[in-house]
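Let me begin by presenting the structure, written as structure tokens, before commenting on it.
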Amino acid sequence: MTTSLKGPIVHSFPSGTQFLSLAVYAWLFLISVPATSAADDVIDIGSRRELFVDRFLIDRLEGGVSLKLHRPEPQEVVLQTDKPWEGNTCAYFTIFQDGDLYRMYYRGSHFDESTQKAAHPEVTCYAESPDGIHWTKPELGLFEFNGSKQNNTVWTGVGTHCFTVFKDRNPACSADARYKAISRGHPTHPRGLYVFKSPDGIRWSLIREEPVITEGKFDSQNLAFWDEHEGVYREYHRTFVNGVRHIMTGTSDDFVHWTKPKLLSFGDAPVEHLYTNAVRPYVRAPHLLIAFPTRYLPKQGQRVEPTFMSSRDRETFHRWLEPVIPESAPEDRAGNRSNYMTWGLLQLPENDREYSVYATEAYYTGPDSRVRRFTYRIDGFVSVHAEAQAGDLVTKPLRFAGSELHINAAAAPDGYVKVEIKDESGMAIPGFASSDCDPIRGDKIDHIASWNGSSDVSSIVGEVIRVRFEIDNADVYSFRFGPSKN
């Protein structure tokens, strides 16, 4: 096209029409180039809930506002591994809700420090609870230990080292495989990850006799789940990169045939050993994955500490570097491998304000090890926080669906949150200015934003907007545009 403009086409016209020719060909050139519009940068959030676990939605932070990583509050010890087939190196706990029942799976093992050998073969143990706090170890009668089947062992074959269970939410799942598990093989078996099935979560069998994933290093709590948002099975497992523990992921349509695993990306986060990964979809925002990877510190007495990270594309994770359960959390967490987060995030009965997570303690140090419960506020992993100085958060351009703006926020007695909705150019939309906003005060999981007494935002559905949160001595954890509660 540019050659034509320089050549005889222009000069073939009479001189009085040369300008018109240039204009026409310039127009043709412009429409032949793909346009880049501001609309390409608009994030369509629909009515999904958004958490501030990364900077994906944030255009700028102003004044005294910052992103604050929160730590869960320690609660009671819920399990002690005090049975003869358990011991001081029980590990890789998996905990999930199944209807009115909570289920727990873990490795039963003991290390005799005097002989520096395992005291008995590893087994996979099972416990259950009606409330996530009080756990029982049922005598299942399935496998013999020291001449008796009165134990809570559910598996003794290949895979007992890190047998990690989930309930399959795939609607196409067959009844005999409603529960699935993934685990590495024994050293005497071909190296890799094996997959298992069960109709009831208690009686297990191998799906295949050979491993289905062979690329990686598997001495960790490798895991898999049905990713409802993506419509595939997804797994996360351990590998090494240049001698450093790392994480890989792959997908499958049938839990048997898996894609070639890909290394996770952590952006500009420093290279650190990541032992377990504890990745899961966040139930209130399933387009987000959250995770509590365990940072391993081999030069500091082989200490471990859970951290937090999140992902929107399942492969790129935003990692927070501070521990979420530090050594100082009670108790016996400073020793070798004594501070792992379990794979579990539970909402306990009659508690709509908290999630329970669990972490181990006293690994190696005693005759037994323990599991302690911790609690997070709902959505409370990271907040937009302002304390000594007020400030603002302004989002990137958004498009939404819904009639009300729901906000999870907590304000101190002298604090507040106000919301302004701006147009694409950054001007406050009439009726939705900060000066019109009724201040949000107090502590609620679901505040409804309002302006001059009205919460209805349906008049601007489909428009490109920015949301400005004005925060003074308060925390904002999440927001969503959704249907009216009335």
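The H on the amide N of W155, modeled in the peptide plane, is under 5 Å from the matching H of T124, each at least 5 residues off or on a different chain. Over the chain, Cα pairs under 8 Å with separation of 6+ residues give a relative contact order of 17 percent.
The simple spin-label model puts a point 7 Å past each Cα toward its Cβ; for D219 and T136 those points are separated by 3.8 nm.
For the range 264-361, the mean projected area of the C-alpha convex hull, equal to one quarter of the hull surface, is 6.8 nm². Note on the range 345-425: along the principal axes its Cα atoms extend 64, 33, 25 Å, ordered by decreasing extent.
Ranking A334, S311, L321 by Cα position along the charge dipole of the range 282-336, where only Lys, Arg, Asp and Glu carry charges on their C-beta atoms, puts S311 farthest toward the positive end.
Inter-part distance, the range 270-346 to the range 398-457, computed on C-alpha centroids, equals 33 Å. Close amide-amide hydrogen proximity is noted between V78 and V371, R372, R373, each under 5 Å apart and 5 or more residues distant or on a separate chain (H modeled in the peptide plane; Pro and chain starts excluded).
Centre-to-centre, using Cα atoms only, the range 349-392 and the range 77-129 are separated by 22 Å.
Nearest 10 degrees, 0 to 90: what angle lies between the long axis of helix 18-32 and the longest principal axis of the chain (Cα atoms)? Here the helix axis deviates by roughly 10 degrees.
Overall shape of the range 86-181 was characterised from the C-alpha gyration tensor. The equivalent ellipsoid obtained from it has semi-axes of 26, 15, 13 Å, in decreasing order. Quotient of the Cα radius of gyration of the range 358-486 and 2.2 N^0.38 Å, N being its number of residues: 1.34. From helices alone, the chain scores -1500 deg cm²/dmol at 222 nm; the rule is -39500 (n - 2.57) for each run of n ≥ 4 DSSP H residues, then divide by the residue total. Take every Cα-Cα pair in the range 231-293 and report what % of them are more than 14 Å apart. So the pairs more than 14 Å apart make up 62 percent of the total in the range 231-293. Computed extension gain for V77 through N336, at 0.36 nm per residue and net of the alpha carbon distance, reaches 91.3 nm. With a Cα-only, solvent-free Debye model of the range 322-385, what are the log10 I(q)/I(0) values at q = 0.14, 0.20 Å⁻¹? Per q value, in the given order, log10 I(q)/I(0) is -0.47, -0.82. Beta bridges per DSSP, both residues in the chain: antiparallel share near 95 percent. Divide the volume of the convex hull around the Cα atoms of the range 28-171 by the residue count and you get 303 Å³ per residue. Exposure proxy shown here: for E144, E404, the number of other Cβ atoms within 10 Å sets the order, fewest to most, as E144, E404. Computed from the alpha carbon atoms alone, the convex hull of the range 73-377 holds 135 Å³ per residue.
Once the mean of 1/r is taken over each pair of separate Cα atoms and inverted, the range 417-468 shows a Kirkwood hydrodynamic radius of 11.4 Å.
Every number here is computed from the coordinates shown, using simple stated rules; none is lab data. Model, not experiment: these values are computed from the prediction. Glycine gets a Cβ as well: all are built from the backbone with ideal geometry, and neighbour counts include every protein chain shown.
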